[in-house]
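We did not get these values from a lab; they are worked out from the coordinates using the rules stated. Worth saying up front: this structure is predicted, and the values here are computed from it rather than measured. Here the Cβ is made from the backbone with ideal geometry for all residues, glycine too, and neighbour counts use every protein chain on show.
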Amino acid sequence: MADQCDLCLLGLIILSSLLTGSSGVDYAHVFISSGENVRLSCNNALSDCKSTTWTYYNRFRHSTVELIYDGIKRKDTERHDRLSLGSDCSLNIKNVTEEDYGSYTCRQSVNGGKQGTDARVYLHVLHVSVSPSSSSSSSSSSSSSQTEISPGRSVTLSCQLDSGFSCDYLVHYERLQLLWVNQAGVDLKTDSRYQILFSSDHCIITLTTTLLNEDDNREWRCQLAHRNQLQTSVRYTVKYSVSRSNSEKKSSQTTAAAPTQGS
């Protein structure tokens, strides 16, 4: 019986360490859209930031980079110009890109020794790409030109969350939800003209539809909710080329005016 109790206690200790990320580490999730600025909090901040070190880790690239050391930015980082240290020891990142996702750890050191618990922030980045095509393809292409988008064509919008976590984990344990909505905030799944598909393999939700004349300047939004709270969203506005839009408007006006001229 005593051995069984010891095993139960050991299991609880292991479970507790897993839920807190690792021993001596506090962690948080931050969801942001590409192009925005973000502030990552250092919950273990001291009175000044001269002992603050921020490191970045991407588990898929298996790389660790020191961004801030003893309150000073490292000059040899690719993101040097976009990084700054706040007065509260927070890490500020300007113009976030898809490459910025991953885990960031804030550590305080006093007299060469670790002070308090590390603060770890998992940054997840949401972004949208468009793929105009003649068929309902779900592939994405960020290099597609806006001038290719015109009425009568099928277009696919791919909204993807780049994250250091598996999408299945985020959906089932963090209650992550991605959805496409219109300007009024109505879920586009309720409209039959849109095909909405979600893939948990890469955390992508796609919207496919055939464009109409009246879709010019129409806005669609990809929203991300975490534990039933809206965290961020990415907007996509349909823009037809000026020449195409003007020619269609002229054609429409001419057709509408013909009966009047003939009367």
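Tabulated values for the structure
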| read-out | value |
| --- | --- |
| Simple label model, 7 Å out from Cα along Cβ direction - residue 37 to residue 239, nm | 2.3 nm |
| Fewest-first ranking of 220, 180, using other Cβ atoms within 10 Å as the exposure measure | 220, 180 |
| Gyration tensor (alpha-carbon) shape descriptor, the range 24-124, a/c threshold 1.5 | prolate |
| Chymotrypsin sites (Phe, Trp or Tyr not before Pro) within the range 50-102: DSSP coil, no more than 11 neighbouring Cβ in 10 Å | 60 |
| Gap separating the Cα centres of the range 213-243 and the range 48-100, nearest whole Å | 31 Å |
| Prolate/oblate/rounded label for the range 126-241 (Cα gyration tensor, a/c 1.5) | prolate |
